[in-house]
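Colleague: Mind looking over this structure? Questions follow.
The values are calculated or read from the model by the stated rules, or taken from the named source; none is laboratory data. Just so we're clear, the structure is a prediction, and the values are computed from it rather than from any experiment. So basically every Cβ, Gly included, is an ideal-geometry build from the backbone, and we count neighbours across all protein chains shown. Keep in mind that these areas ignore ligands, DNA and RNA; they rest on the heavy atoms of the full protein, side chains included. Shrake-Rupley method; radii C 1.70, N 1.55, O 1.52, S 1.80 Å.
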Amino acid sequence: MNQEKSLHLTEKEIIQAVIDETDLTESTREHLSMCHICRNEKEGLGNQLIRLGKTAESLSPLPRKSFKLPWKDILKTPRVWKWQWRSLLAAGMAAAMIFAVLLWKTPFPTAQKDKEEERTIEFVQDEQLMADISSLVENPLPEIYYDLSGESISDVSEEFINFVIIDVDNLVRHNHKKEEVYYG
Amino acid sequence: MTENLKKHIPKHQEEGSRVALTVESVLAGDRASFEKLITIYQEKIFRMVYYRTGSRMDAEDLTQDIFMKAFRGLHTLKDKKRFGPWLFSIAVNSVRDFQKKKQFLVFFGLGRDMRDPDTSNMEIHDEPHGVNHLMRQEFWGHVRRFMEKLSRWEREVFAMRFLDQLTIREIAQILSKSESAIKTHLYRAIKKFKENHELTRLLNGEIQ
C-alpha cells in the first residue's frame, strides 16, 4: 500500500498531465493509466478548467449583429494608395525636419564670426579712444591756441616773457616796498 | 481530460484546410468568401475581446476593426492554414493597443478606470436584476480576483488556453513564443488556479 502511495503522481505531475500528458515519463504515464486515484485527480482538475471556459462562454453576451465589412469604404480608398500617400507625407516631413536642422545648425558659425568681428571693431574703437585721451592729457589745448599760450614760441626767453607779462605777486610786493620808502 | 478538451477544441487540421481554401478565394477577389471567414470566427473573436475588455460595445467595435485589419493584411499571410492564429494575433495586438489608449485616457482623467483589463468592469446587459445577472457578477468577480493574482504572461496564456480554448501550439504561434515557454506559464497559472479555492468551489457548484 505504502509503495503504491509513494508511486502516486505529485501535484506537479498532475498539472503537467493536464497541460500535456506526453511530457510525463513513460512510467508515470503508465501509472496514470492504471491508478484511478491519480486519474481522478487529474480529470477533476481538467474538468474544472473546462467548466471555467464553458461558464465564461455561457455568461458572455453575443454580438448584437453579424459583422460586415464596409466594402464601399474599403474599395473607395485603396489601402495601397493610402499607404503610399502616408509614406510620402512621412518622407516629406522627415526631409523638412532634416532641412530645418541643417538650417538651424548653420547660423551658429556665422553668429560666432559676427561676434568676433564685433569684438575686433570694439577693440579698435577702444584703442582709438585711449589714444585720444592720452593726447588730450599731453596736449589739452587745440593747436590753434598754442600761439596764444606761448608754448609754440620757443626762441623767446623766460626773462623776456616775465618782463612782458607782469607777475601780479611781484607787482604787489614792489608796490609795498615803494609805500614803505615813501612814508618812512 | 485531454480527450475531453479535444471535444471542445475545433478539429484544427480539417478547419485549417477549409479555411485555407476560403482565404485563397478571398485573395482571388471573392469578397463573399471573406464573409464566410467572418461567420466562422466572429463569435470566437468577439468573446476573446469581451473577456479582455469587459464591454460589449468595445468588443463589437474592436471585432469589426480586427476583421478590417485582417482583410487589408490578408495578402501578407504566408501559410493560409494559419489564418486562425494569425487572426487571433491581430486581435491580441488590437486589444493591447486599446488597453494602452484606455490607460492613457485614464491617466489624464478622460476615461474610466480599468485596473484589470482582462475581466474587470464586465458589463451586464441582460436581466439587470435577474438571477443571470447575479451569476454573471459573481462569476466574473471571482475570475477577476483570480486573474489579478497572475502575472501578465500567465494571465494571457491561461485565458487563451481555457477561455479562448486554443491549443498550446496556437498560443505559441500567436504570442511568438516556444511551446515549452507557454507550458511553463500555464503550469504556474494552473498551480495558482488550484490554490484558488473560491473559484474552484464556485466551479464545483459548492457556492450557491
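Colleague: Report, by residue number, each residue of the range B:169-199 that is within 11 Å of another protein chain (Cβ to nearest Cβ), in contact with a helix residue (DSSP H, G or I) (Cβ under 6 Å, 6 or more places away or on another chain) and of a type in the set (S, T, N, Q).
Modeller: B:ASN196
Colleague: Test B:SER25 against the stated conditions and say whether it is open to solvent by less than 10 Å² (accessible area, probe 1.4 Å) and of a type in the set (Ser, Thr, Tyr).
Modeller: So B:SER25 fails the test.
Colleague: Looking at B:GLU24, is it farther than 24 Å from A:PRO63 by Cα, within 11 Å of another protein chain (Cβ to nearest Cβ) and either at pLDDT below 90 or not in a loop (DSSP other than H, G, I, E, B) (or both)?
Modeller: no
Colleague: Something else now. In the range A:22-49, what residues are among the aliphatic types (A, V, I, L, M) and surrounded by 14 or more Cβ atoms within 10 Å (Cβ to Cβ)?
Modeller: A:LEU24, A:LEU32, A:LEU45, A:LEU49
Residue-wise test of (1) touching a Gly at 6+ places or on another chain (Cβ under 6 Å); (2) at pLDDT below 90; (3) surrounded by fewer than 18 Cβ atoms within 10 Å (Cβ to Cβ).
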site	(1), (2), (3)
B:LYS6	no, yes, yes
B:LYS11	no, yes, yes
B:LEU37	no, no, no
B:TYR41	no, no, no
B:ILE45	no, no, no
B:TYR51	no, no, no
B:ALA70	no, no, no
B:LYS80	no, yes, no
B:LYS102	yes, yes, no
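Colleague: Filter the range A:68-77 for residues that are open to solvent by 60 Å² or more (accessible area, probe 1.4 Å), within 10 Å of chain B (Cβ to nearest Cβ) and modelled with pLDDT under 75 and give the result.
Modeller: Scanning the range A:68-77 gives A:ASP73, A:LEU75.
Colleague: Continuing with this model, one more query. Filtering the range A:50-65 down to residues that are open to solvent by less than 70 Å² (accessible area, probe 1.4 Å) and either out of contact with any helix residue (DSSP H, G or I) (no Cβ under 9 Å at 6 or more places or on another chain) or in a loop (DSSP other than H, G, I, E, B) (or both), which residue is farthest from B:GLU138 (Cα to Cα)? Talk me through it step by step, then tell me what you get.
Modeller: From the range A:50-65, those open to solvent by less than 70 Å² (accessible area, probe 1.4 Å) are A:50, A:52-53, A:55-56, A:59-61, A:63; that's our starting set.
Next, from what is left, pick out any that are either out of contact with any helix residue (DSSP H, G or I) (no Cβ under 9 Å at 6 or more places or on another chain) or in a loop (DSSP other than H, G, I, E, B) (or both): A:59-61, A:63.
Working: A:LEU59: 11, A:SER60: 13, A:PRO61: 16, A:PRO63: 22 Å.
Top of the filtered list is A:PRO63.
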